[in-house]
Each structure stands twice: as C-alpha cells, then as structure tokens.
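Nothing in this text is a laboratory measurement; each read-out follows from the coordinates by a stated rule. Here the structure is a predicted model, which is why all the values come from computation and not from measurement. All Cβ positions, glycine included, derive from the backbone under ideal geometry; neighbour counts span all protein chains shown.
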Amino acid sequence: MSKKIVILNGSPRRKGNTSALVRAFTEGAESAGNTVTEFFLDGMNIHGCRGCFGGGKDPEHPCVQRDDMEKIYPVYKDADVVVLATPLYYWSISGQLKCAFDRLFAVTECDPDYRNPKKECALLMAAEGHGFEETLYWYDRLEKHMGWKSIGKILCGGVMAIGDIEGRRELEDARELGISI
C-alpha cells in the first residue's frame with residue numbers, strides 16, 4: 001500500500017549533501033509507489049513560533065501567522081511519513097528545520113487534548129564531522145514525545161563540500177530506506 005511522505009529539508013543548499021540524501025530517498029520511495037512532497041525550507045518564508053498558544057482554532061489555518069507554513073500544514077496533516085532532513089549545524093539540526101518543526105505545534109493545538117498526529121518518521125543527515133549524538137538524543141526523544149515510529153536514520157559524516165557524498169554507501173542506504181516504505 002502506497003504512503004504519503006512529506007520531507008522537511010532544512011538544508012540551505014539545494015545541491016548539497018543533505019539534498020543528495022533527499023534525492024536518493026525520494027527516488028527509492030517513488031519507485032516503490034509512494035507519493036513524496038518535499039519542502040525546501042530555506043527557500044520559504046517561515047517565521048518563528050511566537051509561543052502564543054493561539055493556534056488550533058481553524059484546522060484549515062492552524063497557526064495565527066500567515067506565511068509559507070500554510071503550504072506545509074495540509075501536506076503534513078495528510079502524510080503517513082515525515083522525513084526530517086538536515087545538515088549537522090553546531091551539533092544539532094539546522095535553524096530552518098527547527099523553525100518549521102516548531103510551527104507544527106499549531107496542528108497539535110487543533111486537537112482538544114493536544115495529541116500529535118500519529119506518523120512514521122525518518123532522519124536524513126549529512127555532516128562535515130561525525131558528532132551526531134546530540135541530534136540523535138533529540139530525535140529519539142522527539143519520536144517518543146510525538147508518539148511517532150522511526151523507520152530509519154541515515155547519517156553521513158565526513159562530507160563538507162558539495163558533492164563529497166557521491167559514491168558513499170549512505171546514498172544507497174537512503175534509496176533503500178525509501179524503497180522499504
């Protein structure tokens with residue numbers, strides 16, 4: 001049975017190593033009959049969460065802010081799988097991804113009991129170094145808190161310059177993860 005997949009790509013480089021992981025994953029997922037929608041967050045107008053607890057009153061427009069999150073909300077709500085894609089920045093996810101993910105709380109506010117929509121999730125990361133521990137700590141706790149189920153993590157260290165990822169096993173791992181859905 002095919003699934004709907006949303007990818008939140010927090011890389012600032014469309015042709016960077018994280019985006020290469022996203023392309024490989026997408027190729028695999030689509031070849032298996034799934035539908036994939038990617039949001040390249042760096043090219044979108046997304047403001048930070050205000051922590052106002054004013055969202056959730058209108059399911060069509062979950063947040064009180066009107067920006068490009070309006071494009072993400074309906075796809076996110078309909079998705080079976082959420083893929084978080086990011087380079088490793090200062091031992092964590094990129095600001096672009098963090099900003100957009102924080103804003104997803106408005107969807108949770110639509111539920112009277114503040115329940116998160118149940119999803120499967122995956123993490124795709126590329127990094128100059130190899131220190132993924134803090135991000136894995138965050139991701140594992142996020143998965144538990146959200147009530148989601150992780151279907152995989154692809155972590156590719158030692159790739160700094162655009163194209164450094166070419167020929168790396170992690171690209172095939174990302175493709176296989178996409179196929180497995």
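Can you report the number of residues in region 1-51 which are under 22 Å from Ala161 (Cα atoms), of a type in the set (A, V, I, L, M, F, W, C) and assigned to a strand (DSSP E or B)?
Count: 2.
Within the bounds of region 138-150, is there any residue that is touching a residue at least 60 places away in the same chain (Cβ under 8 Å), in contact with a strand residue (DSSP E or B) (Cβ under 7 Å, 6 or more places away or on another chain) and under 25 Å from Gly55 (Cα atoms)?
Within region 138-150 (the criterion being touching a residue at least 60 places away in the same chain (Cβ under 8 Å), in contact with a strand residue (DSSP E or B) (Cβ under 7 Å, 6 or more places away or on another chain) and under 25 Å from Gly55 (Cα atoms)), the answer is yes, since at least one residue qualifies.
When you scan region 135-179, how many residues do you find that are buried (at least 17 other Cβ atoms within 10 Å of the Cβ) and under 14 Å from Thr18 (Cα atoms)?
Matching residues across region 135-179 total 12.
For Thr18, are the conditions met, namely being surrounded by fewer than 22 Cβ atoms within 10 Å (Cβ to Cβ), under 24 Å from Glu120 (Cβ atoms) and of a type outside the set (Gly, Ala, Ser)?
Judged against the criteria, Thr18 is not a match.
Identify the single condition in (1) aliphatic (A, V, I, L, M); (2) without any contact (Cβ under 8 Å) to a residue 24 or more places away in the chain; (3) crowded, with 16+ Cβ neighbours inside 10 Å that Leu124 does not satisfy, given that it satisfies every other one.
Here Leu124 meets the rest and fails (2).
How about region 130-164: which of its residues are touching a His at 6+ places or on another chain (Cβ under 7 Å) and at positive phi?
Passing the criteria: only Gly158.
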